[in-house]
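Below: one structure, written as structure tokens.
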Amino acid sequence: MSIHENLLGGPPPTHLPDDPEPRELLAAGTAPADVAAKYPTSSLAWAQLADDAFERGSVVESYAYARTGYHRGLDSLRRSGWKGHGPVPWEHEPNRGFLRALHALARAAGSIGEQAEHERCTQFLKDSSPTAAQTLG
């Protein structure tokens with residue numbers, strides 16, 4: 001038995017490859033729009049844009065940014081071997097952009113009354129990473 005074997009029989013956790021440049025630029029105070037323009041595949045940049053828009057009360061804009069980050073993240077997950085379900089651990093920092101975008105999409109969908117999308121994304125977040133669901137609220 002391998003030490004990494006999943007004893008519950010589910011798919012193994014997906015760990016996205018590290019992409020430190022967008023994270024470092026955002027941490028240094030670079031405008032999220034500039035980071036997204038330079039790194040359009042970065043879910044983290046789109047998630048930050050979604051959070052900023054939501055905080056300003058621009059919920060539809062937040063929804064659009066979150067959806068972009070979510071889809072960019074799904075593309076990355078699939079390239080990393082994800083088969084449509086299974087853990088995407090918050091503890092692995094490169095996964096956080098996708099998880100934040102998923103949370104932002106659920107939040108914005110709920111705010112505009114798109115209840116089915118809100119519920120689907122909220123459950124997807126919980127199923128992917130209970131830690132992310134708890135951390136992001």
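The values are calculated or read from the model by the stated rules, or taken from the named source; none is laboratory data. Everything numeric here is computed off the predicted structure, so don't read it as measured data. Cβ sites come from the backbone with ideal geometry, for glycine too, and all protein chains shown count toward neighbours. Quick note on the areas: whole protein, heavy atoms, side chains included, nothing else; ligands and nucleic acids left out. Shrake-Rupley method; radii C 1.70, N 1.55, O 1.52, S 1.80 Å.
Quick notes on this one:
- Verdict on HIS15 being touching a Pro at 6+ places or on another chain (Cβ under 8 Å), assigned to a loop (DSSP other than H, G, I, E, B) and at pLDDT below 95: no
- GLY57 vs. criteria open to solvent by less than 60 Å² (accessible area, probe 1.4 Å), closer than 18 Å to ALA132 by Cα and at pLDDT 95 or above: no
- Any pair with Cβ under 9 angstrom, 6 or more apart, that starts in the range 7-28 at a residue that is touching a residue at least 40 places away in the same chain (Cβ under 8 Å) and ends at one that is aromatic (Phe, Trp, Tyr) and outside any loop (DSSP other than H, G, I, E, B): LEU16/PHE98
- Scan of the range 118-132 for residues that are hydrophobic (A, V, I, L, M, F, W, C) and free of Cβ contacts under 8 Å to residues at least 12 places away in the same chain, ordered by number: none
- Entirely in the range 55-137, the helices (runs of 4 or more DSSP H) that have 3 or more residues that are under 21 Å from ALA27 (Cβ atoms): 59-79, 96-111, 130-136
- Selection within the range 95-109 - open to solvent by 30 Å² or more (accessible area, probe 1.4 Å) and either over 9 Å from the mean Cα position of the chain (by Cα) or of a type in the set (Val, Ile, Thr) (or both): ARG107
- Condition met for ASP75 (open to solvent by 60 Å² or more (accessible area, probe 1.4 Å) and modelled with pLDDT of 95 or more): yes
- Test: residue in the range 78-91 that is closer than 18 Å to GLN48 by Cβ, in contact (Cβ under 8 Å) with a residue 12 or more places away in the chain and hydrophobic (A, V, I, L, M, F, W, C): yes
- Filtered residue count, the range 110-123, keeping only those that are closer than 21 Å to PRO89 by Cβ and open to solvent by less than 30 Å² (accessible area, probe 1.4 Å): 1
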